[in-house]
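Here is the structure we will look at, set down as structure tokens.
Derivation of every value follows stated rules applied to the coordinates shown; laboratory data play no part. Worth saying up front: this structure is predicted, and the values here are computed from it rather than measured. Cβ placement follows ideal geometry from the backbone for every residue including glycine, while neighbour counts extend to all protein chains displayed.
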Amino acid sequence: MNTIHLHSIRIKQLVTLALLTILSGSVSAVTTELTPHIYSPYKGVICDKKAGFCVDSFGISMAFTQEYLGDEAQKEIMKVIDSIGTKNFDTTRYSLSNGVYCDSLKQGCFKSRFNDTRDVKFSDILFN
């Protein structure tokens, strides 16, 4: 009887694992294309293939850049930071390749660095 019970538990574990694998695969497949070069792998993260970095609500993210754009992209953004100097490079304020400007301290994205009209689509993905 114990063998049957253990077998039943093992089958339930395998079914659960299979469902989690399927669900995690479908979650990662839900990518929102914002422009031809900019996409959101999931809410809270935006990646810009043309600019070569990914961001989250805190700013430019080395971890997400590496995860979604690869090691080379992370190395390139680190070169830029190193050339400017870490004290002078502000990862909380940045412009994407389409001109949208985001400021993590203000928790918002704007039409451009010089236009304070809020970009609702980008702001909602990152900050809401």
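Values computed for the structure shown
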{"item": "Residue-count net charge about residue 92 - beta-carbon cut-off 15 Å; Lys, Arg +1, Asp, Glu -1", "result": "+1"}
{"item": "Cα-projected label distance for residue 57 with residue 128, points at 7 Å along beta-carbon direction, nm", "result": "1.3 nm"}
